[in-house]
Amino acid sequence: MWLRRGCTHTRARRVGLATALLAAFVQAAAADEPDVQPQVPTRDVAPVVVRDLRPEDLPDDPSAFTTVIEMDRHQGEAKTVDDLLSEAVGVQVRRLGGPGQPSEVSIRGSTASQVVILLDGIRLDSAQSGVVDLSTIPADLLERIEISRGGGSVQQGTGAMGGVINFVTRRPGAEPRTALTGTLASFGTGEGSALHTARHGDWEVTGAYAGFTTRGDWEFQRPVTKIGNTILVPNPPTLTRINNRSEYQTGLVRIGRDLGEKLHVSLQDDGLFDSRGTPGLDSGGGAYGGQQRNAHQRLTRNVADLSLDGAALTPLALDTTTHLYHRYQRLHFRNPTPTFGPPIDTDQTNQTLGGRFGVDRSVSFFGTEHRATLAFEGYEDRLVAVAFDDPTRLTLDAWLQDDARLFDGLLRIIPGVRYDDTEGFGSRFVPRIGAVIEPWPWLRLKGNLERAYRVPSFDELYFPDEGFLRGNPGLLPEEAVAWDAGLAVAFAGPWPFDRTSLEAAYFESQIENSIVFVLVSPFTVAPVNTGRAISRGIEVSASVGVLEWAVLSINYTHLDARYDGTDTPLPGRSPNEVSGRVQIGPPSGLFKVFGDALYTDTIPVSESGRTILPARTTYDAGIVVDLVKVPVLGERIPLRSLLLSFIGSNLTDVSVRDAQFFPQPGRVLSVKAEATF
Amino acid sequence: MIEVTSADSRCAPLPGPFPPGLDLVPGISGRAVVANFSPPSLLPFDLGPVPPVISAAGSVPVIPPDSDADGCDEPGFPPCPSTTPQPDGVLAVSAGLALLSASAYEEVLFVDPASGRPVTGTVGTPASFAPRQYVYLPAPGTTAPRTAVSTSGCVPVEPGMTDSRGDALAAPPAAWCLPGLPSFRPTFTSGVAVSAGHLFVSMSNLGDNSVPASAQYLPGAVLVYDFDISSGAPVVSPNAVTPVVITSGFNPTHVTAYRTPLGRDLVLVSGSGAIGRRTDDPATPALEAGGIALTGAFVDVIDAATLRLLATVPLGAVGLAFDRLAIDPTGRVALAGSAVGRALYGIDLEPLDALPAAPGVPLVLDGSTGPDARIFYAGAPFTIPALPEGPPAETCNGFVVSADWNAAGTRLYATEYCDGTLVTLAADLSGAPSLDALRGGRFRFVSIDPVLAPVSASSVGRPRAPGSLRVRSGRPGVDYTGPDVFVLAGSPEGLLCGIRVESR
């Protein structure tokens, strides 16, 4: 039985409002002629991504600036999820160690908790921390990564201030597909996966497994600290990253069935077990530089989703989606020998149980075409942790959005509004409007204006008052107003380019009540709502294809994120980041040679912006050969493809840190094999 | 390479936040040392330029893994220690030696105040001591070259002793460090003083702090070592007769050497008493997080020659601040701030010359068993006004961190943490004033200047949290140019700030 602390009559009022919204929507739909051909449901199911020359749109949010990373384009490259995200425009990844150690993402200068992370449309970020560790997402099980930059609060609710990332796992295609991968890399790192997808009549099946292990224990340079003309020399100058062993096992099962021609039911379960040493900070003195020798954590996570999708359901020709989902996460952390204080042993379980129902309907009147969406969602977050006093929180939401096409599609207006009622934080309306102008097929202009919010996490509210750090139950939600505008150009040619694309955007977000952990008294660090923070910047991405043999792409992000009152930069964000990629290979896919470069400007890491990590450029390169396409040899291999890859990362072995006290490894060499049946 | 800069033209950046200690180097005008917490190190500063500059040429070393040169890296595996030293404070003894106190791996390090490099001395253990009575010192009856002296000694538990919660000290015999005798290892090495050929080290002995509203402290202690620097390098060993003096209250945080007008060497032990923190009241919008005093503060008086506790001055539950006492140049009064409020507290040093040297029960200098030496105490604090734009009292209810006198003894300067201010008091100690006169008007509030930002949500990113304060000796504008008051800032980066206040 789920424990609730809410007020019964308040909840009844919220349900009543949701019912009224649904009734209004159905009445409006019934008043229109159902003369538009019904479309298949688009949300959370098979991708409806415009795979032409332009940057892809997401069906739920067509005016958003988006990046869709198709994993097939990176087949064999042994890239992790954080590798791929760090190369995307507008996105910064903060790695807190080497392979198997935590990493988190920031979009347009957001914090990690201001980004919503989804797995097949279901939230992975918990109400406890609001942050997802990217190292727990196996790249080999993914079909694509959808990045929506700059918002998404209407569709996703709390937390979508910087953007939304949806990890979409592999789906069955027309033919059964089985893929096996194996990777060996430096520092005793090994990774393997097996994946099978198939359709059998009305049934579809996906089964997948991925495992990862690393010994860690790599050597790193300790940073010299420069103050004026004096340097502080660390002792010892190099150290081994200790207590760095890590492994995870993860599995995915999805079974779906068509129920007649208009309904599809699917049950999906994704489980993860992760066990790792947590070496903590490279800070302080001693032979280990302050690293923790005995700290360890075990993470168990399971996400289950039962969904029912309907297409053109009579009598109103409504497309519907229904989800019932459950997310479970248990984190057990032990440190028998912390630097200060008694041994630590915490065991926390957080769960989310929720349901979502959405209807879409396409109508046309007065010469305009509309696709209207109305959705309802309710979920309860529950944390079981004695020191937190086992908090729970119920959230009830509804959202309504229209996608209006005017002037034969020259102009699209996408207005939307979300009603949110979060237990303990009252209710709010979150409006947004987006627009797309497409005067010519090769040019699109886009813009968005929206509000966003984030309800404080359980950690921020209730972190136990047991020492120097504590939560603050008086926190208010973060609130933001964000807007962006830009253009996308895409066309074929001119010779020798077979395709050329360019996207540029300006974005700005004003965040009120930013939640920051600060010193509030001589004895206490606690999260508080600070004044206004402003994040603004420019995103430019360009790509050209050359004679179908080469692709050159480059992304540039400029970010100016700072506290408005004190004009100090928000820590942890680099003001400039450039990523470039060159890929060469024949159209046949026999091989590809690729090189990636990532320039990261200086990173302010303190609250004042006065402690600064140096700029750096890292280079990766590799070659991927499909042995099946090798003449003569390929004929003897009964596989669709057999990729063999050799990859080097951080080839120049530069010292890399995204956070002051978390070193990252230098050069990494990998060998990967990938067979597809 | 990580680069640290300062946004304040008066302030030099430090490598890490919360620098725990600042001291002026005796015998060298305009030279100071700053204890840096992370990475652990001692930074020598030239105070002449604005802002101050690190005076060591080229580079400053970090404390090495084997900080005391005993052949064991910290942390290591038994018998080596499992912890590393965490700097807590600094005392510049001479132009060639500074003593850096450190917790966790409890010790006092010997450091060259000119370069920040370790100084090798000779450390020994009396032959009469039990094996492992001082777990990281050389075997009893031997000496060894060391760069630090361990304070991981042993405090005997006397009958009736309780912790700050009032509970009996009930450790299992296996945990006793003195063979067959109830005893415990002292922790949280804090203040250091040198007097009459002895080194005095206060040990806070914080026990369980996981319940901030009722933190547990074990009985306070001052460790006593024989100390000789006549040959240049320190020669140190625990005093064979009186290695430990138990303090009258909990949480002794500093020791201050004091020579009376008649030439008697005393050590004044300032203790805050047990300190906790308010827990949050969910019914109020503010976050209750201010400090609270759980037991009484005190100043104990130890005879530096006989090593006996002569007297104590009880100040009430005022949470005396943790820095050394500010003794005026004439030696008449000693003042300190408060960790739990915007107030100064002080004692009259005049009665100390007359304290009996013969063994006996320590006098209580509140008028009960001895003369009243209290000037400002719980019943009569010297209150400092709060800034209107400062943090809410529920969160930060005041912390007067550190105080120091000008050379003439007419001005007292103090740092207030919550508001980020420099507080100035005028004092008139002329004409041998009576205790009543000292209480009655010889101290006067002059000004409060916001030299740093208050600890509040609106000052995120700005330098704040002032700490130790020292006034440069000499007459500003006459003996030197440049700033005369030096203040550490703790957050976001550590800073050493020089401020010109015309302190003469």
In whole Å and largest first, what semi-axes does the C-alpha gyration tensor of the range B:232-379 yield when each eigenvalue is scaled by 5 and square-rooted? 30, 18, 15
Quick one: Karplus J couplings for the range A:313-322, per residue in order, coefficients 6.51, -1.76, 1.60, θ = phi - 60°, nearest Hz, x for Gly and Pro? 6, 6, x, 9, 6, 8, 8, 10, 9, 9
Given the protein chains as shown and a 1.4 Å probe, how many square angstrom of A:ASP459 are accessible, to the nearest 10? 40 Å²
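Size of the dipole of the range B:384-504 about the Cα centre, Lys and Arg at +1 and Asp and Glu at -1 on the beta carbon, nothing else charged, in debye to 20?
The calculated dipole for the range B:384-504 is roughly 280 debye.
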Please list, ordered by chain and number, the residues whose modelled amide H lies under 5 Å from the amide H of A:PHE65; skip anything fewer than 5 residues away on the same chain. A:ARG149
Between B:VAL446 and B:THR162, the FRET efficiency computed from the C-beta separation at R0 = 30 Å comes out, to the nearest 0.05, as 0.10
Report, ordered by chain and residue number, the aspartates and glutamates lying within cross-link reach of A:LYS226, taken as a straight Cα distance under 14 Å and ignoring same-chain residues fewer than 8 apart. B:GLU3, B:GLU493
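Averaged per residue, what accessible area in Å² does the protein assembly as shown show with a 1.4 Å probe, protein chains only?
37 Å²
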Calculate one ³J(HN,Hα) per residue across the range A:456-465 by plugging θ = phi - 60° into the Karplus curve 6.51 cos²θ - 1.76 cosθ + 1.60, and present them in order as whole Hz with x for glycine and proline. x, 7, 4, 4, 5, 7, 10, 3, x, 8
Isotropic mean projected area of the C-alpha convex hull, chain B (nm²): 23.7 nm²
Length-normalised contact order of chain B in % [C-alpha pairs under 8 Å, at least 6 apart]: 11 percent
Where Rh is the Kirkwood radius over Cα pairs, Rg/Rh for the range A:632-677: 1.29
Calculate one ³J(HN,Hα) per residue across the range B:478-491 by plugging θ = phi - 60° into the Karplus curve 6.51 cos²θ - 1.76 cosθ + 1.60, and present them in order as whole Hz with x for glycine and proline. 10, 7, 7, 9, x, x, 10, 10, 10, 9, 8, 10, x, 8
Charge tally for neighbours of B:GLY296 with beta carbon under 15 Å away, counting Lys, Arg as +1 and Asp, Glu as -1, is -1
Mind putting together the pair-distance distribution for the range B:170-306? All Cα pairs, 10 Å bins, whole percent per bin, short to long. 12, 33, 30, 17, 7, 2, 0
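Pairs of Cα atoms under 8 Å, at least six residues apart: use those to get the relative contact order of the range B:384-504, whole percent.
23 percent
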Chains B and A: what accessible area do they bury, summed, in square angstrom to the nearest 100, with a 1.4 Å probe? 4900 Å²
Can you give the net charge of the other residues whose Cβ lies under 9 Å from the Cβ of B:LEU365, counting K and R as +1 and D and E as -1? -2
Mind checking which lysines have their C-alpha under 29 Å from A:LYS629, skipping anything on the same chain fewer than 8 residues away? A:LYS79, A:LYS592, A:LYS672
Counting only protein heavy atoms and leaving out ligands, DNA and RNA, the solvent-accessible surface of A:ILE147 at a 1.4 Å probe, in Å² to the nearest 10, equals 0 Å²
Calculate log10 I(q)/I(0) of the range A:226-318 for q = 0.16, 0.20, 0.24 Å⁻¹, where I(q) comes from the Debye formula with a single equal point scatterer on each Cα and nothing for solvent. -0.82, -0.97, -1.12
Where the centroid of each part is defined by its Cα atoms, how far is the range A:461-540 from the range B:366-406 in Å? 42 Å
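Please report, largest first and rounded to whole Å, the three semi-axes of the ellipsoid equivalent to the range B:36-127, where each semi-axis is the square root of five times an eigenvalue of the C-alpha gyration tensor.
After scaling each eigenvalue by five and taking roots: 26, 15, 11 Å.
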In chain B the DSSP beta bridges are antiparallel at a rate, in percent to nearest 5, of 95 percent
Of the residues A:GLY216, A:THR530, A:LEU519, the Cα lying farthest along the dipole of chain A towards its positive end, which is defined by charges on the beta carbon of Lys, Arg, Asp and Glu, belongs to A:GLY216
Calculate the all-directions average of the projected area of the protein assembly as shown's alpha-carbon convex hull, and give it in nm². 49.7 nm²
Using alpha carbons only, how many angstrom separate the centre of the range B:215-252 from the centre of the range A:222-277? 49 Å
Computed accessible area, A:HIS196, all protein chains, 1.4 angstrom probe, square angstrom: 70 Å²
No solvent, one uniform scatterer per C-alpha: report log10 I(q)/I(0) for chain A via the Debye equation at q = 0.10 1/Å, two decimals. -1.01
Estimated 222 nm signal from helices in chain A, with DSSP H stretches of n ≥ 4 weighted -39500 (n - 2.57), rounded to 500: -1500 deg cm²/dmol
Largest first and to the nearest Å, give the Cα extent of the range A:124-279 along each principal axis. 75, 39, 25
Give the relative contact order (percent, whole number) for chain A; include only Cα pairs under 8 Å separated by 6+ residues. 12 percent
Principal axes of the range B:384-504: Cα extent on each, largest first, Å: 47, 36, 18
Once you average over the residues of A:606-617, how many Cβ atoms of partner chains fall within 10 Å of each Cβ? 6
When the dipole is taken about the Cα centre of chain A, and only Lys, Arg (+1) and Asp, Glu (-1) are charged at their Cβ, what size is it in debye, to the nearest 20? 1140 debye
How big is the range B:1-159 by Rg and Dmax over its Cα atoms, in Å? 17.2, 56
Out of A:PRO464, A:SER670, B:PRO87 - ranked by how far each Cα lies towards the positive end of the dipole of the protein assembly as shown, with unit charges on the beta-carbon of charged residues - the top one is B:PRO87
Along the charge dipole of the range B:384-504, Cβ charges K/R +1 and D/E -1, which of B:VAL400, B:ALA489, B:ALA414 sits furthest on the positive end? B:ALA414
Using only Cα atoms, locate the centre of the range B:274-346 and the centre of the range A:127-171, then give the distance between them in Å, rounded to an integer. 52 Å
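The values are calculated or read from the model by the stated rules, or taken from the named source; none is laboratory data. Worth saying up front: this structure is predicted, and the values here are computed from it rather than measured. Glycine gets a Cβ as well: all are built from the backbone with ideal geometry, and neighbour counts include every protein chain shown. We work out accessible area using only protein heavy atoms, side chains counted, and drop any ligands, DNA or RNA first. Shrake-Rupley method; radii C 1.70, N 1.55, O 1.52, S 1.80 Å.
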